[in-house]
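A.B. asks: Quick one: structure below, then a few questions.
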Amino acid sequence: LRSVMSAWSNYPSSWNSGDPCGAPWDGIMCNGNGRVTSLRLSSVNMQGTLSDSIGQLGQLMFLDLSFNSGLSGTIPASIGNLAQLTTLILAGCSFSGDIPKEIGNLLQMTFLALNSNKLTGTIPPQLGLLSKLFWLDLADNAITGTVPISTGTTPGLDLLTNTKHL
């Protein structure tokens, strides 16, 4: 977590204490083993980039950095290492570049909001692998292409029966 934090400024003042799971840090939740499971940091005016180190938070299930317009740069491919992640909310930031295809590795993902950024490129077909997805919002970016649909050999988001926002 500290190496992720080193790429940010304006994070909550409680983050100056030693252990994020000992003396609780604002916006951080941990499991009983002292592993970070949730980062809920919407609208706290953070600035910086999302470090490749985010992929080392192997127990992370919930990541919300939304509406921190000072967060910019690309979304790192290492985000695809977060195998437990169910919720990813990066809406209203200033992320740019392509949506990393590695997001397709996040097979537990139910909620994905990347809207209102500066993302470009095409919608990666790997998003079709997210069979548990309930919410998808990619609006207000400069991305092109279509939402992945099924073929005889590849899954697509058209097969999802519980999706509420495509």
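A.B. asks: Filter segment 14-32 for residues that are in a loop (DSSP other than H, G, I, E, B) and modelled with pLDDT under 90 and give the result.
C.D. replies: Selection gives S17, G18, D19, P20, C21, G22, A23, P24, W25, D26, G27, G32.
A.B. asks: Does I123 count as over 20 Å from M46 (Cβ atoms), crowded, with 16+ Cβ neighbours inside 10 Å and of a type in the set (A, V, I, L, M, F, W, C)?
C.D. replies: Yes.
A.B. asks: Looking for something in a helix (DSSP H, G or I), at pLDDT below 95, touching a helix residue (DSSP H, G or I) at 6+ places or on another chain (Cβ under 6 Å) and of a type in the set (G, A, S) - is there at least one such residue anywhere in segment 124-142?
C.D. replies: Within segment 124-142 (the criterion being in a helix (DSSP H, G or I), at pLDDT below 95, touching a helix residue (DSSP H, G or I) at 6+ places or on another chain (Cβ under 6 Å) and of a type in the set (G, A, S)), the answer is yes, since at least one residue qualifies.
A.B. asks: Would you check if L39 is within 12 Å of T87 (Cβ to Cβ), modelled with pLDDT of 95 or more and in a strand (DSSP E or B)?
C.D. replies: no
A.B. asks: Looking at (1) touching a strand residue (DSSP E or B) at 6+ places or on another chain (Cβ under 8 Å); (2) at pLDDT 95 or above; (3) closer than 23 Å to L133 by Cα, which is the only condition S78 fails?
C.D. replies: (1)
The values are calculated or read from the model by the stated rules, or taken from the named source; none is laboratory data. Predicted model, so just to flag it, every value in this text is computed and none were measured. Counting neighbours? That spans all protein chains shown, and the Cβs are built from the backbone with ideal geometry, glycine included.
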